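One structure is given below, encoded as structure tokens.
The values are calculated or read from the model by the stated rules, or taken from the named source; none is laboratory data. None of these values were measured; they are calculated from a predicted model. Glycine gets a Cβ as well: all are built from the backbone with ideal geometry, and neighbour counts include every protein chain shown. The accessibility values were calculated without ligands, DNA or RNA, using every heavy atom of the protein model including side chains. Shrake-Rupley method; radii C 1.70, N 1.55, O 1.52, S 1.80 Å.
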Amino acid sequence: MIMKLLPTLTFIAAIGSGVVGGVFFAFSNFVMPALARLPAAGGIAAMNSINITVITPLFMTALFGTGLVCLILAVGAVIGWNQPGSFWLLAGALIYIVGNPIVTMIFNVPLNNALAAVDPSSTNGAAVWATYLRDWVMWNHVRTITAIAALGCFIMA
């Protein structure tokens, strides 16, 4: 049964990886640089607002639903290892899972929580914002690159 679903699930994972990678690409390339140009209090307020509004069923489905599809694809790739494209399928699934849902939960979400807890107008707020910009963007670059790499793997599969 799973083997018959692999082409459809691969297509879904490719689309999901592309959407997620595109969102993260936008943040790395112009959203975060624009926020960094604002005074710390304004940047913090804007990012905190984004962090609240991003939690929508549609984006959560794209980010974490794609991760779930990737888990199924990884199992399918191992089960059908002798099938053409299995290596690329497994590689794409693992790259996406590690680079997106896991990096998000381990690195980006705690940084978001720390930013939400700080007083934006305080001296500490400015220090947290500077660290946030450096660290959050670095991990967002990882998410961008791995989502795009996973997309490439799914295309190759």
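Values for this structure:
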read-out: Residue identified as more than 24 Å from residue 125 (Cα to Cα) and open to solvent by 50 Å² or more (accessible area, probe 1.4 Å) among 59, 30, 25; value: 25
read-out: Filter result for the condition that a residue is closer than 23 Å to residue 141 by Cβ, within 13 Å of the chain's Cα centre (by Cα) and in a helix (DSSP H, G or I), over 63, 35; value: 63
read-out: Members of region 87-128 found to be surrounded by fewer than 18 Cβ atoms within 10 Å (Cβ to Cβ) and of a type in the set (Ser, Thr, Tyr), listed by number; value: 121, 122, 123
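Yes or no, residue by residue, for (1) without any contact (Cβ under 8 Å) to a residue 40 or more places away in the chain; (2) charged (D, E, K, R):
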site	(1), (2)
73	no, no
88	no, no
119	yes, yes
122	yes, no
146	no, no
152	no, no
